[in-house]
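Asker: Have a look at the structure that comes next, please.
The values are calculated or read from the model by the stated rules, or taken from the named source; none is laboratory data. Here the structure is a predicted model, which is why all the values come from computation and not from measurement. All Cβ positions, glycine included, derive from the backbone under ideal geometry; neighbour counts span all protein chains shown. What goes into the accessible areas is simple: the full protein's heavy atoms, side chains included, and nothing from ligands, DNA or RNA. Shrake-Rupley method; radii C 1.70, N 1.55, O 1.52, S 1.80 Å.
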Amino acid sequence: MNRYDTVTCEIDLDAPGKASGWIDLSHSDNRHDFGVIRSPIGVIAGGEGPTALVVGGNHGDEYEGQLITRRLFEALEPQDVAGRLILVPALNMPAVMARTRVSPLDGGNMNRVFPGATGQGPTRALAGFLNRHLLPRAGLVIDLHSGGGTTNYLDAAYLTLTGDPAQDRRGAALARAFGLPWTMVVGLGSTGGDLDSAALAAGCAMISCELGGMAQVSPQSLGHGWNGILNLLAHEGIVAPEATKRLATGPGCQTRFVDLGAGSRQVTAMRHALAEPLVELGDEVAEGQPVAKLYDLFDITQAPQVLTAPVAGRVLIRRRNGLVGHGDHLFVIGPEIAPEALDRRIG
Ligand SMILES: [Zn+2]
């Protein structure tokens, strides 16, 4: 039995073969006072190779990762796996059940509370369980995101540059093996308390990604993620290349790197308005190019305000809804980074 705070898991994570069970969260409120909130966990162990931990449902309203993690458990048998796969398709199950980004139990955003804590609510308890019992077993951690209800992303991996050349070269190699169409390059600590930081601190290789968004399931994003994870697991010697060949529905992409760090800029509304986007996700825009018009909600005689691109680059993230308020981002635009420039930056 593995326990952390109010979280337990009864399955033997170190046994050979294929097994499944639950990560059980105890939470005593009106609805759950005599029971547990169960989140499934699967283990497929075929031999002595490395272990990958695959996580979906870190945010509850992101679905491609939940599906991919489930499909891995369904499709792979121990003979396909050289090492071990630990599969957690719905990490923040309270949020998954509520179809929300954060937990309805305590408002916790799972990807801001790592490495977790005891006595501070269910979201931190779940993060702490993963940090205590799963990260130490994993050589590689793959966290699958999909933008969430408000945003749509390019199908893109994250490459976190840590400043440690060896670690960054490893990260870039993982991104290339993952083979999503895009890889967004960010600096370390750009999002505090995320699983990426906890995994890197635990000495794991780490890759996370965004597969579309808008709380829908995109078959294209799902396909990119599915083929990507199979290619990555084969590249890392965890899944047999024959299994990847059998299960993949297409080849991986030669990923293109874009700057989501210091070189990127947000386009932000500063009034309550109806927004008309003039560019689409993935478009290349010039600096100063009009990207959106903001119409006053109530005064139809007022000319719209035109927002322009603060930097040249590609539209990496776009907002889903047209109704915006003060401080709402409409787009994030970031320039492409040539492969040689990335390699020079890593050193
Ligand atoms: Zn997410």
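Asker: Looking at Leu230 and the list (1) in contact (Cβ under 8 Å) with a residue 60 or more places away in the chain; (2) surrounded by 24 or more Cβ atoms within 10 Å (Cβ to Cβ), which single condition is not satisfied?
Answerer: Every condition holds for Leu230 apart from (1).
Asker: Could you check the range 173-189 and list, in sequence order, the residues that are in a strand (DSSP E or B) and either open to solvent by 10 Å² or more (accessible area, probe 1.4 Å) or not assigned by TED's automatic domain parsing to the domain that holds Gly225 (or both)?
Answerer: Matches in the range 173-189: Trp182, Val186, Gly187.
Asker: In the range 101-130, how many residues are among the charged types (D, E, K, R) and under 17 Å from the mean Cα position of the chain (by Cα)?
Answerer: Residues of the range 101-130 among the charged types (D, E, K, R): 101, 106, 112, 124.
Now narrow it down to the ones that are under 17 Å from the mean Cα position of the chain (by Cα): 101, 112.
The total comes to 2.
Asker: Out of all the residues in the range 123-179, which are in contact with an Asp or Glu (Cβ under 8 Å, 6 or more places away or on another chain) and among the hydroxyl-bearing types (Ser, Thr, Tyr)?
Answerer: Of everything in the range 123-179, those that are in contact with an Asp or Glu (Cβ under 8 Å, 6 or more places away or on another chain) and among the hydroxyl-bearing types (Ser, Thr, Tyr) turn out to be Thr123, Ser146, Tyr153, Tyr158, Thr160, Thr162.
Asker: Just one of (1) closer than 21 Å to Arg318 by Cα; (2) without any contact (Cβ under 8 Å) to a residue 60 or more places away in the chain; (3) open to solvent by less than 10 Å² (accessible area, probe 1.4 Å) trips up Pro219, so point out which.
Answerer: Failed condition: (3).
Asker: Follow-up. Looking only at the range 265-295, which residues are more than 20 Å from Tyr153 (Cα to Cα) and touching a residue at least 24 places away in the same chain (Cβ under 8 Å)?
Answerer: Met270, Arg271, His272, Ala273, Leu274, Glu287, Leu294, listed by residue number.
Asker: Moving on. Scan the range 325-346 and tell me whether some residue there is without any contact (Cβ under 8 Å) to a residue 60 or more places away in the chain, outside any loop (DSSP other than H, G, I, E, B) and surrounded by 14 or more Cβ atoms within 10 Å (Cβ to Cβ).
Answerer: Checking the range 325-346: not a single residue is without any contact (Cβ under 8 Å) to a residue 60 or more places away in the chain, outside any loop (DSSP other than H, G, I, E, B) and surrounded by 14 or more Cβ atoms within 10 Å (Cβ to Cβ).
Asker: Take the residues in the range 50-67 that are open to solvent by less than 30 Å² (accessible area, probe 1.4 Å) and away from the ligand (no atom under 16 Å from the Cβ), then tell me which one is farthest from Gly237 (Cα to Cα).
Answerer: Per the stated criteria, the residue is Leu53.
Asker: Moving on. Take the conditions open to solvent by 20 Å² or more (accessible area, probe 1.4 Å), of a type outside the set (Asp, Glu) and modelled with pLDDT under 95 and apply them to Gly288. Does it pass?
Answerer: Taking the combined requirement at face value, the residue does not satisfy it.
Asker: Can you name the residue in the range 195-216 that is part of a loop (DSSP other than H, G, I, E, B) and either open to solvent by less than 20 Å² (accessible area, probe 1.4 Å) or more than 16 Å from the ligand (Cβ to nearest atom) (or both) and, of all such residues, is nearest to Val81 (Cα to Cα)?
Answerer: Cys204
Asker: For the structure I just gave you, tell me whether Leu85 is surrounded by 23 or more Cβ atoms within 10 Å (Cβ to Cβ), assigned by TED's automatic domain parsing to the domain that holds Ile41, within 16 Å of the ligand (Cβ to nearest atom) and modelled with pLDDT of 95 or more.
Answerer: In short, no.
Asker: May I ask you to verify whether Arg314 is in contact with a His (Cβ under 9 Å, 6 or more places away or on another chain) and not in a helix (DSSP H, G or I)?
Answerer: The answer is no for Arg314.
Asker: Sort out which residues of the range 136-171 are surrounded by 21 or more Cβ atoms within 10 Å (Cβ to Cβ), aliphatic (A, V, I, L, M), more than 15 Å from the ligand (Cβ to nearest atom) and outside any strand (DSSP E or B), and write them in order of number.
Answerer: Ala138
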